[in-house]
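Heads up: the structure comes next, in structure tokens.
The values are calculated or read from the model by the stated rules, or taken from the named source; none is laboratory data. Just so we're clear, the structure is a prediction, and the values are computed from it rather than from any experiment. Please note: Cβ atoms are built from the backbone with ideal geometry, for glycine as well, and neighbour counts cover all protein chains shown. Quick note on the areas: whole protein, heavy atoms, side chains included, nothing else; ligands and nucleic acids left out. Shrake-Rupley method; radii C 1.70, N 1.55, O 1.52, S 1.80 Å.
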Amino acid sequence: MADWGSAMKRMGRIPFWNLWVLSMTAGVLTGTIWANLLGGELLGQIGYFDGIWGTGRNMDEEERRLLWRYVLGQRLWEAGFGGLVAMTPLAAPGYLLLAFGGGFVLAAIITVFTLEKGVMGIVCWLASVLPHGLCYLGVWAVWTMAVRERQDLRKVKVWLLVGILAAAGSFLEVWINPALADLIL
């Protein structure tokens, strides 16, 4: 029986991206299974998703501005948290856990949309995450690549790029996404 140290050394030789994909895949599988097992209960607790689509179109400009300020603060906080995790000695395991959690949440949400809307659930999910999700994906890609490459994250350029991506994503989420969702749905 091999000791714990030799097992960790062997695991250290597995490329980071392979571990990241494995973590994300494990999260997706777990989230899908969890959402399917609790499907009826989840739908009962979450309620009907059509309320999501009505929120954006019923807001006047001042309400949207307040919502944008709130969403911007949330997304900048999340991006900042990701950057701080990336600067710690536990960055690689932390990002593997974040990949698992991200995959779990992603799969659970897609599953709930699909349970409620059938095949159109995938279209509804895409309408709920595009185009702003691409900006947020960029934020997490920057941090994940920085962790993989062991970059020095004390550079202002990286933080500025992440801040711009988070701000652009929050703008698209509040101002553009409701109009696109109306067009698609």
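Sparsely packed loop sites in the stretch 153-183 (the trypsin sites (Lys or Arg not before Pro) outside DSSP H, G, I, E and B with at most 15 other Cβ atoms within 10 Å) comprise R154, K155. Of V85, V119, V21, the order by accessible heavy-atom surface (1.4 Å probe, DNA, RNA and ligands excluded), from most exposed downward, is V119, V21, V85.
Taken per residue, the accessible surface of the stretch 113-185 reaches 57 Å², heavy atoms only and a 1.4 Å probe.
Over all alpha-carbon pairs in the stretch 56-153, figure out the percentage whose distance exceeds 18 Å. Everything past 18 Å amounts to 60 percent. Maximal additional length on extending the L183-R13 stretch stands at 56.4 nm, based on 0.36 nm per residue less the C-alpha distance. Would the stretch 56-101 count as rounded, prolate or oblate if I go by the C-alpha gyration tensor, calling it rounded below 1.5 in a/c and otherwise prolate when a/b exceeds b/c, oblate otherwise? It comes out oblate by the Cα gyration axes.
If you roll a 1.4 Å probe over the stretch 81-185 with all protein chains in place, what percent of the accessible area is carbon or sulfur? Within the stretch 81-185, the accessible surface is 77 percent carbon and sulfur.
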